[in-house]
1. Please go through (1) touching a residue at least 40 places away in the same chain (Cβ under 8 Å); (2) surrounded by fewer than 14 Cβ atoms within 10 Å (Cβ to Cβ) for A:LEU74 and return the number of the only condition it doesn't satisfy.
2. Working carefully through the options B:VAL31, B:VAL16, find the one that is in a helix (DSSP H, G or I) and loosely packed, with under 13 Cβ neighbours inside 10 Å.
3. Determine the pairs where a residue that is more than 8 Å from every other protein chain (Cβ to nearest Cβ) and on the phi > 0 side of the Ramachandran plot, located within segment A:88-103, has a partner that is modelled with pLDDT of 70 or more and assigned to a helix (DSSP H, G or I) with Cβ atoms under 6 Å apart, the partner being 6 or more residues away or on another chain.
4. If B:LEU3 satisfies every condition in (1) touching an Asp or Glu at 6+ places or on another chain (Cβ under 7 Å); (2) closer than 23 Å to B:PHE99 by Cα but one, which is the exception?
5. Which condition does B:LEU39 not pass, out of (1) more than 14 Å from chain A (Cβ to nearest Cβ); (2) closer than 26 Å to B:GLY251 by Cβ; (3) exposed (fewer than 15 other Cβ atoms within 10 Å of the Cβ); (4) over 17 Å from the mean Cα position of the chain (by Cα), if it passes all the others?
6. State yes or no: is B:ALA139 part of a helix (DSSP H, G or I) and closer than 17 Å to B:ALA70 by Cβ?
7. If B:VAL82 meets every condition in (1) surrounded by 21 or more Cβ atoms within 10 Å (Cβ to Cβ); (2) within 14 Å of chain A (Cβ to nearest Cβ); (3) aliphatic (A, V, I, L, M) apart from one, which number is that one?
8. Within segment A:30-49, is even one residue at the interface with another protein chain (Cβ under 8 Å from one of its Cβ atoms), assigned to a helix (DSSP H, G or I) and more than 29 Å from A:LEU131 (Cα to Cα)?
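The values are calculated or read from the model by the stated rules, or taken from the named source; none is laboratory data. If you're wondering where the values come from, they're calculated on a predicted model, not measured in any experiment. Note that each Cβ is placed from the backbone with ideal geometry, even for glycine, and that neighbours are counted across all protein chains shown.
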Amino acid sequence: MTIFLILLLLLIILTAGAALLVVRDPMHGAVNLGVSLLALSILFLVLGAPFVAALEVMLYVGAILVLFLFAIMLLRTPLTTWEEPRWRRGFWWPAVLMVLLTAVLILLFSRRPDLMVVIQEIGPGTVGRALFGPYLWLTEAVALLLFAVIAAVLAIHRRDDHDA
Amino acid sequence: MMLFLMALGMLFTTLVLLGVAGFLVFAERRVLGFLQNRLGPNRLGPLGVGQALADALKLMSKENFVPDFADPVLYRAAPVLVAFSALASFAVVPLDHHFSWAGNWNIGLLFILAMSSLNAYGVFLGGWASGNKFSLLGAVRAVAQLVSYELPMGLALLGVVLLSGSLSLNGIVAAQNLPYIVLQPLGFVIFLIAGVAETHRLPFDLPEAESELVAGFNTEYGGMRFGYFFLGEYLGLTLIAVLTALLYLGGWHGPWLPGWIWLLIKTAALIFVFFWLRATLPRPRYDQLMALGWKVLLPLALFNVLATALAAALWRLA
């Protein structure tokens, strides 16, 4: 039964990803991407990684996709082009996928014993101990990289100030 | 049977929360009235309590239509997303240490932050799908504001998580022998300010500033769809108040009275503070809002995390 759930989630992720390629309106593409990422997060939850699932929604849906949307909004693309064939307008894809996603969620939270995941759950504590234990050097390297990015942003910003 | 009972319980929880949100709309108008030396709505029922019901009936009986220039599906989906994400967050909020849907979930706090990101989607998809300049401007403002204030909010929460060693709300309240407002005064202030900004309430209501943007992101909405946005806003307000009470004011800890009553008292007091803020403070300019978020709150929140971590390490050494 878990396999069924996982397959369904994979189907949603892939279909939403494919819809992203077909849809013309960039905003609908972004919404499809959002659905795909949400399904991915639920997949993490099913596989016993709640911490990664929460971070997936917070960082990818909540921050990175937001930047995409911000750019799309400021590009001032006109709203839907009505000449397109109906199936390409991309209205229904996300709706159908969201219905599927909701069905999966209901199955997931119904807590029927035959649906319960047997995979061992990795909580936030375990992730933290792994990050600051065996993977400490990698974590520090990523931190350094991020720090360099922040410094670069500040430097670019300063130069603009001088020009003005 | 179990499933049926659970569904019934969820329905009941939802209805109670919707009732609270509806009542808060009335309470805010009444409190604002008194703060501004006038009466506020006092006609319907004792003290005007019936006003909440009348408002709900009015919104529900209005025509639901989609403007010609709007993007139909996103226009319909956005308000539902706002109300849903606010309601879903309450699943991890405990009223007492054994009275909640998922108060023990080991990623409870992260779940709330994730839901607040989804809430932002509702706001700006609504603004974008309306196909109106004012809505779009409101949506752009909302996105920038929510992204900017989510950061200091998360960092302020990190201080609490460091002290309690838990991401579940039950665990955090259980760890508070001393309310964390004493140990984390800076974090408390940052969380409260960021919370007001996250729910885009006055004085941070620039996404819907009525004197500049008509009604911002919900300009084109009417009837119950507008009602959903409204419910989402007041549920978000309640959520921030409950969270502040749980994380910083000791949750259900308190003498004499049962725990959940203490939590309700603390929450109600915080909600009153939000009303009070609205009646007192003027709206800042947009660049002032951004500057406060990035140049004041973010460095302060980073400092708070560092100081907390150092203090906790020293405490452990001693």
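1. (1)
2. One residue alone meets the criteria, B:VAL16.
3. Between residues of segment A:88-103 that are more than 8 Å from every other protein chain (Cβ to nearest Cβ) and on the phi > 0 side of the Ramachandran plot and residues that are modelled with pLDDT of 70 or more and assigned to a helix (DSSP H, G or I), the close pairs are A:GLY90/A:HIS28.
4. Here B:LEU3 clears every test but (1).
5. (2)
6. yes
7. Condition not satisfied by B:VAL82: (2).
8. Yes: segment A:30-49 contains one or more residues that are at the interface with another protein chain (Cβ under 8 Å from one of its Cβ atoms), assigned to a helix (DSSP H, G or I) and more than 29 Å from A:LEU131 (Cα to Cα).
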